[in-house]
Amino acid sequence: MNFFQQYEHTINWIVSLCPQPDKFAHTYAGLLIWLFAGLTLRRPLYSLWTLVPVIVLELANEMVDRVTHGSWRWHDTLRDMAATWFWPCVLLICLRLFPVLTGRRPQQQDSLTSFTQHEVESPLATMAPVRAPDGHDVRGVLAGGEPV
């Protein structure tokens, strides 16, 4: 038995363990490859690099199917690719669009909190005095520091 026949036999056995059509096996395989890629590449799941193994391995699987069957079966091939890639792509997009899902802060908030002390003090020096009821100048307190 050559590699392609052995591979097809193994895949058919795995598919027989799934509850319904082989599309479930493709969905499970896509998610497992995506998670395993994140672990082995040591990349967060929102990294595009975690999708590369999913895409490459599914293309390789379809090439083996093509060799085994002797020709392309486009109807089945396109559905297999969609089933394999769908959830990893959806989850990656959600993790990238909604950073709160990963515990990251949005980059816009990061830029708002990254002022240096000089960037805060420079405008304060040109600002008109702001007096508290006791007469102290509180410009520094307004910027999160000490009174001027």
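Give me the pairs, please: first residue somewhere in segment 31-51 and more than 15 Å from CYS89 (Cβ to Cβ) and among the hydroxyl-bearing types (Ser, Thr, Tyr), second residue anywhere and at pLDDT 95 or above and not in a helix (DSSP H, G or I), beta-carbon distance under 9 Å, and either six or more positions apart or on two chains.
So the pair list comes out empty.
Please find, within segment 67-81, the residue that is farthest from HIS26 (Cα to Cα) out of those that are out of contact with any helix residue (DSSP H, G or I) (no Cβ under 7 Å at 6 or more places or on another chain) and surrounded by 14 or more Cβ atoms within 10 Å (Cβ to Cβ). Show your work before the answer.
Step one: of segment 67-81, the residues out of contact with any helix residue (DSSP H, G or I) (no Cβ under 7 Å at 6 or more places or on another chain) are 69-71, 73-76, 78.
Then keep just the ones that are surrounded by 14 or more Cβ atoms within 10 Å (Cβ to Cβ); that gives 73, 76.
Values: ARG73: 16, ASP76: 12 Å.
Restricting to residues being out of contact with any helix residue (DSSP H, G or I) (no Cβ under 7 Å at 6 or more places or on another chain) and surrounded by 14 or more Cβ atoms within 10 Å (Cβ to Cβ), the top hit is ARG73.
Which numbered condition trips up PHE24, out of (1) at pLDDT 90 or above; (2) in contact with a helix residue (DSSP H, G or I) (Cβ under 9 Å, 6 or more places away or on another chain); (3) surrounded by 12 or more Cβ atoms within 10 Å (Cβ to Cβ)?
(1)
Taking LEU91, is it loosely packed, with under 14 Cβ neighbours inside 10 Å and either assigned to a helix (DSSP H, G or I) or free of Cβ contacts under 8 Å to residues at least 12 places away in the same chain (or both)? Reasoning before the result, please.
Numbers: loosely packed, with under 14 Cβ neighbours inside 10 Å: no; either assigned to a helix (DSSP H, G or I) or free of Cβ contacts under 8 Å to residues at least 12 places away in the same chain (or both): yes.
Taking the combined requirement at face value, the residue does not satisfy it.
Among (1) at pLDDT 90 or above; (2) part of a helix (DSSP H, G or I), where does LEU101 come up short?
(1) is the only condition that LEU101 fails.
Yes or no: ARG96 at pLDDT below 95, surrounded by 11 or more Cβ atoms within 10 Å (Cβ to Cβ) and within 23 Å of the chain's Cα centre (by Cα)? Explain how you work it out, then say what you get.
Numbers: at pLDDT below 95: yes; surrounded by 11 or more Cβ atoms within 10 Å (Cβ to Cβ): yes; within 23 Å of the chain's Cα centre (by Cα): yes.
The answer is yes for ARG96.
Among (1) more than 30 Å from ARG105 (Cβ to Cβ); (2) surrounded by 13 or more Cβ atoms within 10 Å (Cβ to Cβ); (3) not polar (S, T, N, Q), which single condition is PHE86 missing?
Tallying (1) more than 30 Å from ARG105 (Cβ to Cβ); (2) surrounded by 13 or more Cβ atoms within 10 Å (Cβ to Cβ); (3) not polar (S, T, N, Q), PHE86 fails exactly one: (1).
Among the residues of segment 30-66, how many are among the polar types (S, T, N, Q) and either touching a Cys at 6+ places or on another chain (Cβ under 9 Å) or not in a helix (DSSP H, G or I) (or both)? Even if it seems obvious, please write down each step before you answer.
Just the residues of segment 30-66 that are among the polar types (S, T, N, Q), to begin with: 40, 47, 50, 61.
Within this subset, residues satisfying the condition of being either touching a Cys at 6+ places or on another chain (Cβ under 9 Å) or not in a helix (DSSP H, G or I) (or both) are 47.
Of the residues in that region, 1 qualify.
The values are calculated or read from the model by the stated rules, or taken from the named source; none is laboratory data. Quantities reported herein were computed from a predicted structural model and do not represent experimental measurements. Here the Cβ is made from the backbone with ideal geometry for all residues, glycine too, and neighbour counts use every protein chain on show.
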